[in-house]
Structure formats: C-alpha cells, structure tokens
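What follows is a short report on a single structure.
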Amino acid sequence: MQVEEYLDKIAESEGTVHLTLIDPASQTPDQAAEIAHAATLGGTDAIMVGGSTGAGGVLLDQTLLKIKERTDKPTILFPGNASGVSKHADAIFFMSLLNSRDINYITTNQAMGAPVVYKSGIEPISMAYIIVEPGGTVGWVGDAKLIPKRKPELAVAYALAGKYLGMHYTYLEAGSGADSPVTPEMIGAVKHVLGDNKLIVGGGIRDGETAKMCALAGADMIVTGTILEESSNVTAKVEELVSAIKK
Ligand SMILES: CC(C)=CCC/C(C)=C/CC/C(C)=C/CC/C(C)=C/COP(=O)(O)OP(=O)(O)O
Ligand SMILES: O=P(O)(O)OC[C@@H](O)CO
Ligand SMILES: [Mg+2]
C-alpha cells in the first residue's frame, strides 16, 4: 500500500493519525533510531524525518537507514529544502510554503528536488504548508508572512488555495517548540472548508490533552517532535498522545 493511502485509512478508521518528527540534526542516527523504535512501541503511525537547518546529505541518509532497522512504520521526508530528499525514505511531503515571501520555498526547492524524487521512486504526497504565529525557526528560514493567531480566515484562504491547486494535504504549522499550538478555532475553520482533504497540525503539542483538543477541532493528523526529543520515556509519551487522539 502507498503511504498516502495508509495514512488516509488510519485517519478514517481510527479518527486521527500520530506522526513522530525526527530532526536528523538533533541527535546521532543511532539515537534517532532509538526514538523511532520507542515511538513505534508507543503506537505512532509513521516517522517524519527533516529539519529547518542542517538536515540533508549523509546525516539524513544514515538517519533513515538506522531508523528503518528499528521500525517497520513508513518513513516520510519533511524537507527544509531540496537537500532534504533521500532515496532511503518511503515517501516525501512534497510541500509548498504557500505563505512564504520567498519563491525558493514556493517553487524553486520543489523544482530542484523533483528530479531526485523521480529517480529515487519515493512517493510524493502533495501538501500545502502554512505557517502560523509564532512560527519559530521554520517561519524565519522560510520567510513566511506569518498568519496571525487570531485570524483563522487568513488560514482558511490559504488552505482553500492549496486545495484548489490540487494539494491533497494541508499542514498548519505553529513552529517547532511553539509556546502554544494552532488554536482550535483556526483548526476547525480550516477543516470545515477542506472537507475530505486531510489536515495535519503541528508545533507546540506536548501532551495528550492538547493533542486531543487539536484532534477534536478537526485535525486528521498530529505531529510531535520536540517533546519526543526531550522525553526520557518516549514510549510512554507516545502512548499518552496516541490514546488521547484515537477513537
Ligand atoms: C519539496 C521540497 C523538495 C522542498 C520543500 C521546501 C519547503 C517548502 C520548505 C519549507 C520551509 C522549511 C524550512 C521547512 C522545514 C520543515 C521542517 C522540517 C520543520 C521542522 O523542523 P524542526 O527541525 O523540528 O525545526 P527546527 O529546525 O526549528 O528545530
Ligand atoms: O517540535 P514540535 O513543537 O512538536 O513541532 C513539530 C512540527 O510541527 C515542527 O515542524
Ligand atoms: Mg528541530
């Protein structure tokens, strides 16, 4: 089964998908594999691999190879630029940062990365990437015109544009390590116009209660990265998140 179909099926049957984000720049490949293994035991559905800075090349390849030794869950690239593509992943979130001011993040990195994706045969999953306040490192690197937290209608406008451009997934991003995640009001308003198109929410989600709030508001998939990098018991933390968001 293709990864997109796998994720969609889980969203339909279990209510919400849990995605574990691993930044290759944050630890050694062996440590990354340990996190992926522990997250798998906790019930995560797939492993996203990527980062805003320093997440390409040999380190990315080695991280993916080690992760694949320790989990049978799909690996999905979450690239910060064209160097975030690796043939060792199963799929790639092939995203355009719709609210960037910089054409590099709207189409140029995509054009530079596309031939690599083509040759490697990994599965592209089209995605509209939208960054909301506070936005964190990714907001700065991606030169995003941040959507104000209290303006759901602006997130709705970008999400609709992505849907009409044919993107299957929409990702509402508050930025890695954000003090608070995207508001339930914004999640609900965006999901309302997306209909069956899948909505991913990430940035600043640290516990089951918050994850549940995002899921109930309309998120089809929840991403957690920082809290799992910091956690001393990754399996228990993922169990907490997963049990809060699954039917
Ligand atoms: C499709 C291709 C080939 C490229 C897309 C390029 C785009 C649109 C990038 C968007 C802007 C960007 C810098 C995204 C990075 C996404 C990401 C991996 C964010 C989270 O990474 P963390 O590592 O958790 O965050 P920090 O780096 O801030 O720690
Ligand atoms: O690191 P956290 O805050 O979990 O954010 C995850 C993801 O949305 C960042 O791109
Ligand atoms: Mg990081």
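All of the numbers you see were taken from the coordinates with simple rules; none came from a lab. What you see is a predicted model; the values in this text were computed from it and never measured. Heads up, the Cβs are rebuilt from the backbone with ideal geometry, glycines too, and the neighbour counts pull from every protein chain shown.
With N counted as the residues of the range 3-245, its alpha-carbon radius of gyration over 2.2 N^0.38 Å works out to 0.91. Using Cα pairs closer than 8 Å and at least 6 residues apart in sequence, work out the relative contact order for the chain, in percent. Dividing the mean separation by the residue count of the chain yields 20 percent. Taking 7 Å steps out from each Cα toward its Cβ at A114 and D61 produces label points 2.5 nm apart. Please work out the FRET efficiency for the pair Q27 and L216, using the Cβ-Cβ distance as r and a Förster radius of 30 Å; give the result to the nearest 0.05. Result of the calculation: an efficiency of 0.40. Modelled spin-label separation between E69 and E14, with each label point placed 7 Å from Cα along the Cα-to-Cβ direction: 2.6 nm.
Potential lengthening of the chain between D143 and S126 amounts to 4.1 nm, from the contour at 0.36 nm per residue minus the alpha-carbon distance.
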